[in-house]
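Written below as structure tokens is the structure these notes are about.
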Amino acid sequence: MSRSQVIENKTVDYVPESERHGQARSLFTLWFCTNIAPLAVVTGAISTQTFHLNVLSAISAIVAGHMFGGLFLALTSAQGPRVGIPQMVQSRAQFGRYGSLLVVVFTSVIYLGFFISNVTLSGKVINNVLPAIPLTGATVVGAIAATLIGVVGYRFIHRINKIGAWVMGSALVLGLGIMLLQPLPAAFWHQGTFSLSGWFATFCICAVWQMSFSPYTSDYSRYLPANIGVFKPFICTWLGACCGTILAFLVGVVAINVVGGEGDAMAAVRQATGWLGPILMVLFLLNIICHNSMNLYGSVLSLITAVQTFRPDWRPDARVRVVVSAIVLVGGVLVSAVAAANFVAFFLNLIWALIGVLIPWCVINLLDFYVVNRQRYDISAIFSADGGRYGLVNTRALAIYFGGVLVQVPFVENTFFTGPWAHLIPGADISWMISLVVTSAAYLYFYRRDTSLHAMRGKDHLFFGES
């Protein structure tokens, strides 16, 4: 992607070293900004509203959860410079060319769901800020704005989040200062109490929040130079994602405890920050649109990956990405417009339930890349029609993956299903931790490092992560 290009020309193909650019610190601003969102504020408030933790207990659980979950997000992000391809394309190395389709489909559904939900949310916020714009028109405006950012692509997404990180970060820090420097309610520090179940439930929510981004993290680091290594993109992603999300969660905690009651966290933020409140609401709206551009960008790459799986010689360019983006835009607006009032809530519950299928994928992806293959993948095999050394379907990896999904079932608690052991820790969904442990043990047991990797060195293959 040259600097003279306005619209990114790459889709799912490999980014050669001659087209690499940028610095690792751009990952800090990207993941910092995109995590400062209304949903993060509302979710942070749950720690005291639902789990009845006191402020200090809530803060410790939020920090610990995001720092732990952020490790998985950052490790997948650090793969980008080494592999130079989108995250879902890379899954072929673990599951085979056709075997990876299952994860690609799940990922596409999840991020299309987030796109549609945010289209609806942005329309409502625009309508509230500018009542003269009808709700349907506001929904279209929000959707088009997010789509345009996503269509322009990688470089513009990074630039707009770099600006947003400074603006949103400064505004939220100022908002926290306004709330904490005013006379606090007498019970501010003391209302609620510490409970292990409440603390752990908050920890789990924060950890899964970070891990849910893993299927498209390397999409935003694949243009970085390969010689940048692993540590720099890892630490920049980890710090950015953790700092941004923790800040937004804490704003929710403080606001709801300053205002008191069981009301809406965003309304509490607006009330507790005084003159800054209306400005924050506008900034949050802009953030929703920018964040949704990433949902669109990631879902479009996943959809193209699915089609390209059956057309191995096809190298889609910017025109294809524009067309698919337009289809997603129209579909998202139509679904948002015709859906029942409670559809978004139902759909979000479904999406969060589906996130459980990403946990074993994340474990397998990280172990395969860092432990089994030592950061080296064969690019020609990944794009080969017959799957090359990775094959068409890796039944063993898929069996471990399905095992990692099924082992969660007895411990699951969501809107649609409650397992028999779901209440081992009241209020906390520990199914993801069970899957993490079981999938890790199974994958490491059944997979030993392939010694043939050494034999292939020096042959006509390009290995990611090698000079």
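The values are calculated or read from the model by the stated rules, or taken from the named source; none is laboratory data. Since we're looking at a predicted model, the values are computed, not measured. FYI the Cβ positions are ideal-geometry reconstructions off the backbone, even for glycines, and counts take in every protein chain you see. These accessible areas exclude ligands, DNA and RNA; they are computed on the full protein's heavy atoms, side chains included. Shrake-Rupley method; radii C 1.70, N 1.55, O 1.52, S 1.80 Å.
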Just give me the residues in region 177-201 being under 24 Å from LEU358 (Cβ atoms) and open to solvent by less than 10 Å² (accessible area, probe 1.4 Å), in sequence order.
ALA201
Is there a residue in region 429-442 that is on the phi > 0 side of the Ramachandran plot and either among the small types (Gly, Ala, Ser) or in contact with a strand residue (DSSP E or B) (Cβ under 8 Å, 6 or more places away or on another chain) (or both)?
no
Given the conditions (1) open to solvent by 10 Å² or more (accessible area, probe 1.4 Å); (2) modelled with pLDDT of 95 or more, report the number of the one that TYR223 does not fulfil.
(1)
Could you give me the residue pairs with C-beta distances under 8 Å whose first residue belongs to region 158-170 and is open to solvent by 100 Å² or more (accessible area, probe 1.4 Å), whose second residue is in a helix (DSSP H, G or I) wherever it lies, and which are 6+ apart or on separate chains?
LYS162/SER26; LYS162/THR29; LYS162/LEU30; LYS162/CYS33; TRP166/THR29
In region 254-268, anything touching a residue at least 60 places away in the same chain (Cβ under 8 Å) and out of contact with any Pro (no Cβ under 9 Å at 6 or more places or on another chain) is listed as VAL254, ALA255, ILE256, GLU262, ASP264, ALA268
Check SER197 against each of (1) of a type outside the set (Val, Ile, Thr); (2) closer than 25 Å to ILE62 by Cβ; (3) in contact with a Ser or Thr (Cβ under 6 Å, 6 or more places away or on another chain); (4) in a helix (DSSP H, G or I) and name the one condition it does not meet.
(3)
Suppose we filter region 27-52 for residues that are buried (at least 24 other Cβ atoms within 10 Å of the Cβ) and at pLDDT 95 or above; how many remain?
5
What are the residues in region 364-375 that are crowded, with 20+ Cβ neighbours inside 10 Å and more than 22 Å from the chain's Cα centre (by Cα), if any?
ASN373
Which of the following residues is assigned to a helix (DSSP H, G or I), over 23 Å from TYR370 (Cα atoms), touching a Cys at 6+ places or on another chain (Cβ under 8 Å) and among the aliphatic types (A, V, I, L, M): ALA40, ALA45, ALA61?
ALA61
Taking interchain pairs and intrachain pairs at least six residues apart, which have beta carbon atoms under 7 angstrom, with the first residue in region 89-102 and in contact (Cβ under 8 Å) with a residue 40 or more places away in the chain and over 15 Å from TYR377 (Cα atoms) and the second of a type in the set (Val, Ile, Thr) and open to solvent by less than 10 Å² (accessible area, probe 1.4 Å)?
TYR98/THR309; LEU101/THR309
Region 259-284 - residue that is open to solvent by less than 20 Å² (accessible area, probe 1.4 Å) and modelled with pLDDT of 90 or more and, of those, farthest from ILE46 (Cα to Cα):
LEU276
Unique match (being open to solvent by less than 10 Å² (accessible area, probe 1.4 Å), under 22 Å from PRO215 (Cβ atoms) and at pLDDT 90 or above) among ILE434, ILE359, ILE400, ILE379
ILE359
Note on region 408-431: residues open to solvent by 40 Å² or more (accessible area, probe 1.4 Å) and in a loop (DSSP other than H, G, I, E, B) are ASN414, THR415, PHE416, PHE417, PRO420, TRP421, HIS423, LEU424, ILE425, PRO426, GLY427, ASP429
